[in-house]
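This report concerns only the one structure given below.
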Amino acid sequence: MDDAVFFKILKDPNYWISGELEDKLIQQISMSVDISAILYHLGTETLITSAFDLLPLDDSRIDIREMIQRIPILINRLTRTAYLNIKFLTENHVQFVFNYHLQFKEKWYDAVFFQGMLNGLSVLFELKSFSIRMTKTKLFGIHMAHKELGDEIQFGADSNEYEMEWKDDQLQLSRSRLTKDDITNRHRVMIASRTDAELEEISIVDVKDVVGKSRELAIENRDLEAAVEVLKSFKQELEKKQKSIAKDLKLAKNIQKGLIPEIIPDWNGIQFWTGFYPMQEVSGDYYDYFPLSSDRLGVSVCDVSGHGVPAAFITALSKLLFSNYKHSKPSDTFKNINRDLLDLVKQQGYTTCVYVLIHNDYKVVYSIAGHPRPILYKHKTKKAESLDGEGTFLGMFPDAGETYKDYSIQMEPGDKIFLYTDGVTEAENDQGEAFGEERLIDEIQKVGNLSIQDSIEKILAKHKEFTVGTDPMDDITLLGFQLSPRLPEFNEYKGKGDQALRSNDYKTAVKEFEKAYSILPRELETQLSFGRALAYSGELDRAISLLETYNKFKTNHFLSHSVLGYCYYKQGNYEKAEIEWKKAHSINDSNLSILYNLAKVYEKLSDRKKMKDTIERMRRIESTYKHILPLEKKWTSTLDG
């Protein structure tokens, strides 16, 4: 810009510049900063400061409608590029049609500036309820960030139109020769009158004050917009962190899901069932079972202090530690776990626990570490009672080992034992009353004649009914096991099934195992034998369903995957047969029959490379194996073909 022009603009507010220079100035500035809000506010100030000159010279009062009729006069004073037409759609609804002279083009900043002028009307006449919006423009877009132009603008229209609507307006303005403070401002002072009911309120309006307040409001708005942007950035950052936390929690949940067994299988006539309801994504409650040998099974229920990921971490440690220590006395196991938790967790968390060892003669030995005592239901007496036991929790006190003791009871057919966390008994109803141990014992007695699965589900249904309308305060775990009252029948059917299976009498084996299975459906040895009998008798679909259920217990039994592979192979599903036989091979990699079966699968799949590799593995294990040579001949003929 020419220096002389620049200094004239600075010194003379009435200096007239060309539209071309104005466009260059605004485009240059807007390249580095968003000036739309400034232009909008400038339009507001222009209307307020120019309103005095639009008032009648005879000091008569006008309302907002008459002031609107005079705005075209102001537009003509401000610009030579456009003119304004006004149309009242209703008494309080006006349409402004903004037309450019033929030699001039529409500018986006004019649109913002004029809407700011309309906002000046609302400020001057103190409108409380109003709306200002652009409805049409010849422009094909408004390149600015101001969002108050309108939500539904018709771009590329044949005119530039705005609409303004308002509700109550009682203010009227007139010229005044009064002065408020400064004699130099007398031409900027107006009289405002407001009629309310039968009273008329008159006040002095100093344009300088109005402009000052308007600027303060604009600054506050900019500060507010800046604060909103900061809050938006905080919100986005928070959402990112929440997504990250949710992802971590989901991962922790999946890991914990792999640590906590979904179902405990039946063992030696003992049936298990568990109700497990975490309060959050991951739980501080934990239960598990540990096959210590063929004649003993360990079962634990723990409650870690706190919730969320830290508690889940300690549950993972607990599983590892219980798996490491396989003592004949639960108290000895507790002593070792307490010592290791102190070393690993550094007294930053602790766990309560009850740990039981079930012997094959149905003697149950248990120890307690700060946990609710087990409840025994006696089938003969139809009564339930809380068992003896005490001891401090694990992972907090170095001398806690002295408090752990062993207690024992003898189970009889039909007896049940329930292990639970305090989330069951401490849960409250909407009156603040706790469920309590006595109510739990009473509910256990009511379901005495039901199976252990039905017992657990009925008790938890009553518990849910009791706490309806309240939020859970803790994780809930209820684990029960029962010595089947039909154990003699089960042993008889299973014995007959085993004998028939050894004799290759598969139909009889299926018949006997089915009876045994109906009594103890989660007894793993029976499940596997039943699955084998079904497979070899040709009932492939039933065998597959049973063996897939068996494999969910993660027993990693070579035979279950082997028989399942056989079923898929007989059905012609060679891909699934390959998967199961590869699992069997990973468990027992020296078994030649599995490798032979894999080679047959690769022959069916026409995979010569895998077939050759499998034959070579068979040769490395036993070079004289009788099936190698026929397979090699088939592989060679396939290659030749």
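The values are calculated or read from the model by the stated rules, or taken from the named source; none is laboratory data. Please read all numbers here as calculations on a predicted model, not as lab measurements. Quick reminder, even Gly has a Cβ in these numbers, built from the backbone with ideal geometry, and neighbours come from all protein chains shown. Just the protein is used for accessible areas: all its heavy atoms, side chains included, with ligands, DNA and RNA removed. Shrake-Rupley method; radii C 1.70, N 1.55, O 1.52, S 1.80 Å.
Under the condition of being over 33 Å from the mean Cα position of the chain (by Cα) and either modelled with pLDDT of 90 or more or open to solvent by less than 20 Å² (accessible area, probe 1.4 Å) (or both), the residues counted in segment 546-561 number 5.
Of Glu465, Glu457, which residue is within 22 Å of Pro374 (Cβ to Cβ) and open to solvent by 80 Å² or more (accessible area, probe 1.4 Å)? Explain how you work it out, then say what you get.
Working: Glu465 fails: within 22 Å of Pro374 (Cβ to Cβ).
Sole residue among the options that is within 22 Å of Pro374 (Cβ to Cβ) and open to solvent by 80 Å² or more (accessible area, probe 1.4 Å): Glu457.
If the condition is being among the hydrophobic types (A, V, I, L, M, F, W, C) and either touching a Gly at 6+ places or on another chain (Cβ under 8 Å) or closer than 17 Å to Ile153 by Cα (or both), then segment 119-141 contributes Ile132, Met134, Leu139, Phe140. The test for being β-branched (Val, Ile, Thr) and open to solvent by 30 Å² or more (accessible area, probe 1.4 Å) holds for Ile579. Restricting attention to segment 328-350, the residues being aliphatic (A, V, I, L, M) and either modelled with pLDDT under 85 or surrounded by fewer than 19 Cβ atoms within 10 Å (Cβ to Cβ) (or both) number 3. Within segment 302-320, can you find the residues that are modelled with pLDDT of 85 or more and either part of a helix (DSSP H, G or I) or in contact with a Cys (Cβ under 7 Å, 6 or more places away or on another chain) (or both)? Cys302 - this is the single residue of segment 302-320 that is modelled with pLDDT of 85 or more and either part of a helix (DSSP H, G or I) or in contact with a Cys (Cβ under 7 Å, 6 or more places away or on another chain) (or both). Mind listing whichever residues of segment 468-495 are over 20 Å from Asn360 (Cα atoms), surrounded by 18 or more Cβ atoms within 10 Å (Cβ to Cβ) and not acidic (Asp, Glu)? The answer is Ile476, Thr477, Leu478. Residue selection: Tyr536 fails the criterion of being crowded, with 16+ Cβ neighbours inside 10 Å and farther than 25 Å from Asn504 by Cα. Only one of the numbered conditions (1) modelled with pLDDT of 85 or more; (2) in a loop (DSSP other than H, G, I, E, B); (3) open to solvent by less than 30 Å² (accessible area, probe 1.4 Å); (4) not hydroxyl-bearing (Ser, Thr, Tyr) is not met by Gln271, and that is (2).
So, of the residues in segment 499-532 that are touching a residue at least 24 places away in the same chain (Cβ under 8 Å) and assigned to a loop (DSSP other than H, G, I, E, B), which turns out to be surrounded by the most Cβ atoms within 10 Å (Cβ to Cβ)? Per the stated criteria, the residue is Leu520.
Within the group Glu433, Glu437, Glu457, which residue is free of Cβ contacts under 8 Å to residues at least 60 places away in the same chain and of a type in the set (D, E, K, R)? Reasoning before the result, please.
Working: Glu437 fails: free of Cβ contacts under 8 Å to residues at least 60 places away in the same chain; Glu457 fails: free of Cβ contacts under 8 Å to residues at least 60 places away in the same chain.
So the residue among Glu433, Glu437, Glu457 that is free of Cβ contacts under 8 Å to residues at least 60 places away in the same chain and of a type in the set (D, E, K, R) is Glu433.
Looking for whichever is open to solvent by 50 Å² or more (accessible area, probe 1.4 Å), within 47 Å of the chain's Cα centre (by Cα) and either farther than 27 Å from Thr555 by Cα or modelled with pLDDT under 85 (or both) here; the options are Asp589, Asp613. Which one fits? Walk me through it before giving the result.
Details: Asp589 fails: either farther than 27 Å from Thr555 by Cα or modelled with pLDDT under 85 (or both).
The unique qualifying residue is Asp613.
Of all residues in segment 30-53 being surrounded by 13 or more Cβ atoms within 10 Å (Cβ to Cβ) and of a type in the set (Val, Ile, Thr), which is farthest from Gln69 (Cα to Cα)? Restricting to residues being surrounded by 13 or more Cβ atoms within 10 Å (Cβ to Cβ) and of a type in the set (Val, Ile, Thr), the top hit is Ile35.
For segment 467-477, the set of residues classified as out of contact with any Ser or Thr (no Cβ under 7 Å at 6 or more places or on another chain), in contact (Cβ under 8 Å) with a residue 24 or more places away in the chain and either of a type in the set (D, E, K, R) or closer than 20 Å to Gly448 by Cα (or both) consists of Asp474 only.
Segment 1-65 holds helices (runs of 4 or more DSSP H) entirely within its bounds, and those carrying 3 or more residues that are touching a strand residue (DSSP E or B) at 6+ places or on another chain (Cβ under 9 Å) map to 36-54. Are any residues in segment 435-477 β-branched (Val, Ile, Thr) and part of a loop (DSSP other than H, G, I, E, B), and if so, which ones? Correct list: Val447, Thr467, Val468, Thr470.
Output the qualifying pairs, or none if there are none: Cβ atoms under 7 angstrom, residues six or more apart or on different chains, first residue in segment 35-48 and closer than 16 Å to Ile75 by Cα and touching a residue at least 24 places away in the same chain (Cβ under 8 Å), second residue part of a loop (DSSP other than H, G, I, E, B) and open to solvent by 30 Å² or more (accessible area, probe 1.4 Å). So the pair list comes out as Tyr40/His146. Which one of these does Ser545 not meet: (1) more than 20 Å from Arg620 (Cα to Cα); (2) touching a residue at least 12 places away in the same chain (Cβ under 8 Å); (3) of a type in the set (Ser, Thr, Tyr)? So Ser545 meets the others, but not (2).
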